[in-house]
Amino acid sequence: MEFIRAYADWFYLIGAVLFILTLRGLSGPKTAIVGNRYGMIAMAIAVLTTFFVAQGPVVWMIIAAMIAGAVVGIARARTVPMTQMPETVALMHSLVGLAAVLIAVAAIIHNNSLQVIGAERLAAQGLNFHAMSKVHLFELFVGCFVGAITFTASVFAYGKLAAKKWAKTISGAWVKPVQALIFIAMLICGFTFFSTGSMSAFWAMTGLALVFGWVWIAPVGGGDMPVVVSLLNSFSGWAAAGIGFTLENNMLIVAGSLVGSSGAILSYIMCKAMNRSIINVLFGGAMGAVAAPTAVGSQVQRNYRSGSADDAGFLMSNADSVVIVPGYGMAQGRAQNAVKELANLLKEQGVTVRFAIHPVAGRMPGHMNVLLAEADVPYDDILEMDEINADFPATDVVLVIGANDVVNPAAKDDPSSPIYGMPILEAHKARTIMVIKRSMATGYAGLDNDLFYNDKTMMIFGDAKKVVEEMTKAINGTGH
Amino acid sequence: MVETITIFVLAIFVGYYVVWGVTPALHTPLMAVTNALSSIIIVGAMIQTVGMPVLGLEGNLDFQSINIVSVLGAMAVFLASINIFGGFAVTARMLDMFKPKQKNKEG
């Protein structure tokens, strides 16, 4: 076992390479499964190697904690419904953040304890001790405060996504100055700790970072959650990299950087899909505040056409091509299986059925794809925005299920609209548009949607799942 | 120090190019698996848990007992383990759904 300890860095290197291959595998659904296994192998190598590096009398504590964690983690992973993936991922981010804080706190307490003991007494025990350098303290400070922000911000994101009562969106003129004050105070405490080594400054910094994480994310609206979740993903990576610097462990640094850049890219993609900057999402507050007055004014008297599920089913079964645009409403109504039944039935009748996914549909990147995959919708039937937009004019029926802003034509032709410039699915170009919605209420952006008042549009009010099931029944009844 | 920063910077570049290659359909599994990956901090947690010695109650060196450092470390191990096992398991579950199915249901 001396061998493993002596060559630990080589094992960590193998792990780091396998981590890269894990992400590489995700370029396609077939290679991804193998990639995920590489990840597991890499993690096993890292953990086993560390077992030999970190020997001590309390190894049983590690094993016990690991088994407990495995039980909780696997139980949750097996049972969580796919509709709850966004909040589950947010919760997982919070765990990484909290773990990073605990490690940083443990490291600094340990360092202090060793300092009290003194290098001479440690040398007498055959232990080589160097007090932490400024560089180390700085790394620790970064790892700790990034971890703390990640923790509380992710807990809030979790609450928001799971619609918990305690996760209240805050708004008001006081929010931004308070955020700024806490952030500056946090930096001052961090700097004091860094320059004097004062422990009270360290605790104050950690506490402020925890508060900051909360007030930072609390003003962000629910529809912006894809950006927030991606960003926290990135943060959890940087926190890991920070701890890696402290421990001078290259595998931690590599894994942390991979995750960090992954989350950053996802945030960028999400922001681009909403035509907003990351600054605007995080510090601009919810867009609803800006849009509310215009929405109220224009909503007064506009005519829309509403229809029944039966009519819609009849129209679809007579169409040549149908494109289904799912949104958050499909997830909320757990309608994915009903939608798939409908799609299959239409296919049996010779209708071409495809799905169009907007990058920010749902509450996290790729949310809709997972739900449709769960319902067994063939991978090739699901198209990204750029792949399908050109096909809308030749499409007979577009069925919009619980999506709103991603099909709002105002993004293309109304420069005064807050979402102007956002790339959309051009559903309005289709011959007939059907929209399943609970009511005429506006989307998260508080915007009215011209699509709903279009002459070609038929509104079908009701619960997504029920309406889709009724459509299926209606088509079955006609018996083509 | 420069060496670690070199590794850090290069790893960011690798991450950048690899992640752009990820198909958008798999962005949710990507987030789940990166979650598991960032739980590599379990390595740090393990090292802290056994990070003996600390100063004992009577001023002696304590190599044995459970102390604040090892408890914090073990808690971090627990949290990271939830993520590691849960993250890989939930990713595997999701990727399984993306697997091309036998076309038995289609007429």
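The values are calculated or read from the model by the stated rules, or taken from the named source; none is laboratory data. Worth saying up front: this structure is predicted, and the values here are computed from it rather than measured. We place every Cβ from the backbone using ideal geometry, glycine too, and count neighbours over all the protein chains shown. SASA here: full protein model, heavy atoms, side chains in, ligands and nucleic acids out. Shrake-Rupley method; radii C 1.70, N 1.55, O 1.52, S 1.80 Å.
Odds and ends about this structure:
Every residue, every condition in (1) more than 8 Å from every other protein chain (Cβ to nearest Cβ); (2) modelled with pLDDT of 95 or more; (3) within 15 Å of the chain's Cα centre (by Cα), yes or no:
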residue: A:Arg78; (1), (2), (3): no, no, no
residue: A:Pro81; (1), (2), (3): yes, no, no
residue: A:Pro86; (1), (2), (3): yes, no, yes
residue: A:Met92; (1), (2), (3): no, no, yes
residue: A:Ala100; (1), (2), (3): no, no, no
residue: A:Ala107; (1), (2), (3): no, no, no
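- Residue satisfying condition, being open to solvent by less than 50 Å² (accessible area, probe 1.4 Å) and either away from every other protein chain (no Cβ under 11 Å) or hydrophobic (A, V, I, L, M, F, W, C) (or both), within set A:Ala201, A:Ala173: A:Ala201
- Qualifying residue in the range A:92-103 (condition: surrounded by fewer than 18 Cβ atoms within 10 Å (Cβ to Cβ), hydrophobic (A, V, I, L, M, F, W, C) and part of a helix (DSSP H, G or I)): no
- Elements of type helices (runs of 4 or more DSSP H) contained in the range A:305-354, each with 1 or more residues being modelled with pLDDT of 90 or more and open to solvent by 10 Å² or more (accessible area, probe 1.4 Å): A:336-348
- Residue in the range A:151-160 that is of a type in the set (S, T, N, Q), surrounded by 19 or more Cβ atoms within 10 Å (Cβ to Cβ) and more than 13 Å from chain B (Cβ to nearest Cβ) present: yes
- Residues satisfying the stated conditions in the range A:19-48, i.e. among the aliphatic types (A, V, I, L, M), more than 7 Å from chain B (Cβ to nearest Cβ) and either surrounded by fewer than 20 Cβ atoms within 10 Å (Cβ to Cβ) or in contact with a His (Cβ under 8 Å, 6 or more places away or on another chain) (or both): A:Leu21, A:Val34, A:Ile41, A:Ala44, A:Ile45, A:Leu48
- Flag if A:Ala106 is small (Gly, Ala, Ser), in contact (Cβ under 8 Å) with a residue 60 or more places away in the chain and crowded, with 24+ Cβ neighbours inside 10 Å: no
- Extreme residue, farthest from the other protein chains (Cβ to nearest Cβ), among residues of the range A:220-247 that are out of contact with any His (no Cβ under 8 Å at 6 or more places or on another chain) and farther than 20 Å from A:Leu98 by Cα: A:Gly221
- B:Asn60 being over 29 Å from A:Val116 (Cα atoms), modelled with pLDDT under 90 and either surrounded by fewer than 21 Cβ atoms within 10 Å (Cβ to Cβ) or within 7 Å of chain A (Cβ to nearest Cβ) (or both): no
Yes or no, residue by residue, for (1) open to solvent by less than 10 Å² (accessible area, probe 1.4 Å); (2) closer than 30 Å to A:Leu342 by Cα; (3) at pLDDT 90 or above:
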{"site": "B:Phe8", "(1), (2), (3)": "no, no, yes"}
{"site": "B:Leu26", "(1), (2), (3)": "yes, yes, yes"}
{"site": "B:Ser39", "(1), (2), (3)": "yes, no, yes"}
{"site": "B:Gly51", "(1), (2), (3)": "no, no, no"}
{"site": "B:Gly56", "(1), (2), (3)": "no, no, no"}
{"site": "B:Ile68", "(1), (2), (3)": "no, no, no"}
{"site": "B:Ala74", "(1), (2), (3)": "no, no, yes"}
{"site": "B:Phe78", "(1), (2), (3)": "no, no, yes"}
{"site": "B:Glu106", "(1), (2), (3)": "no, yes, no"}
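- Of the residues making up the range A:362-378, those that are open to solvent by 10 Å² or more (accessible area, probe 1.4 Å) and more than 7 Å from chain B (Cβ to nearest Cβ) are A:Arg363, A:Val377, A:Pro378.
- Residue in the range A:381-403 that is assigned to a loop (DSSP other than H, G, I, E, B) and within 24 Å of the chain's Cα centre (by Cα) present: yes
- Filtered residue count, the range A:49-83, keeping only those that are buried (at least 20 other Cβ atoms within 10 Å of the Cβ) and not in a helix (DSSP H, G or I): 2
- Note on the range A:49-76: among residues that are small (Gly, Ala, Ser) and over 30 Å from the mean Cα position of the chain (by Cα), the one that is farthest from the other protein chains (Cβ to nearest Cβ) is A:Ala64.
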